[in-house]
1. For Tyr70, put the label point 7 Å out on the Cα→Cβ axis and report which residues of segment 206-223 keep their amide N under 12 Å from it.
2. As I understand it, the value is the acute angle between the Cα axis of helix 201-211 and the longest principal axis of the Cα atoms of the chain; what does it come to in degrees, rounded to 10?
3. Convert each backbone phi in segment 63-72 into a coupling constant with the Karplus relation 6.51 cos²θ - 1.76 cosθ + 1.60 (shift: θ = phi - 60°), then list the ³J(HN,Hα) values in order as whole Hz, x for Gly and Pro.
4. Using a 1.4 Å probe, what is the accessible area per residue for the chain, in Å²?
5. Let me know the shape class of segment 39-224, please: from the alpha-carbon gyration tensor, a ≥ b ≥ c as square roots of the eigenvalues, rounded when a/c is under 1.5, otherwise prolate if a/b is greater than b/c, or oblate.
6. How many nm separate the modelled label positions at Phe32 and Lys114, each set 7 Å beyond the Cα in the direction of the Cβ?
7. Using a 1.4 Å probe over the heavy atoms of the protein chains, calculate the carbon and sulfur portion of the accessible area of the chain as a whole percent.
8. Along Cα→Cβ, 7 Å out, is where each label goes; now give me the distance between the ones at Leu170 and Lys184 in nm to one decimal.
Amino acid sequence: MKCSYCQQEIIRNLTFKEILFPLLIKRERCVFCQQKFEKITVPACPTCSKPGWSSSCEECQQWEKRYPDYEFCHQALFRYNEAFKEWIYQYKFLGDFRLKTTFSAEIQEYFSHKKGWLVCSIPLSKDRFSQRGFNQAEAFLQAANVKTIPLLEKKVESLPQSNKNRQERLASPQVFGPTEQTFKIKNKKVILVDDVYTTGRTLFHAAEILRMYQPEKIQTFSLAR
Ligand SMILES: [Zn+2]
Ligand SMILES: [Zn+2]
């Protein structure tokens, strides 16, 4: 079996269960790649997972003022450390599609507790999609066998967020719109998925559209924060 990140061969004995049911063999990272990524542990902001906060962080307090009726709840799995930056660069910007499985085990574990929720990845614009060839969040969800539903479309291309400072990011205009399936979320629970939570701007814009369709609840998820 190969490491789901560096593709080095992993030498280990299969468990009895894995020998009987080879489909159960999960993609995993080698010991070295396992250590590089830091899971977010407590203390972390209870509403956005920002490490180091035991109560609502400053950013969340700002968002709460802007969206007082939105019960914001975001879960991120890993810290946005150097290793994660390197991974996202290789996956998203260099387009190494194989890396969609790097975090499959953790993603599967998280979504196994979300039965009955509708899962939607943050869409790319048509131009960005044809340029990259895949939607990075959709691809890692599918690689982890998480069923998704397209509830949003990205109408216009925003300038690459990485070229903007925090203030510019926060001021960016709404870029999302609903799809022909968005009405289905009425009284349902929805999870919006992005690769990285940076300022929250993208997820709050996305949630703003979905909230008009009266879901029972919206939560958001990202691999890193
Ligand atoms: Zn590895
Ligand atoms: Zn927070």
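The values are calculated or read from the model by the stated rules, or taken from the named source; none is laboratory data. Owing to the predicted nature of the structure, the values given are computational and were not obtained by experimental measurement. Cβ atoms come from the backbone with ideal geometry, glycine included; neighbour counts cover every protein chain shown. To get the accessible areas, we keep the full protein, side chains included, count just its heavy atoms, and leave off ligands, DNA and RNA. Shrake-Rupley method; radii C 1.70, N 1.55, O 1.52, S 1.80 Å.
1. 206-212, 218-220
2. So the inclination is approximately 70 degrees.
3. 4, 4, 5, 6, 10, x, 9, 9, 7, 5
4. Values: 12630 Å² over 225 residues.
I get 56 Å² per residue for the chain.
5. rounded
6. The modelled label-to-label distance comes out at 3.2 nm.
7. That fraction is 53 percent.
8. Rounded to a tenth, the inter-label distance reads 3.6 nm.
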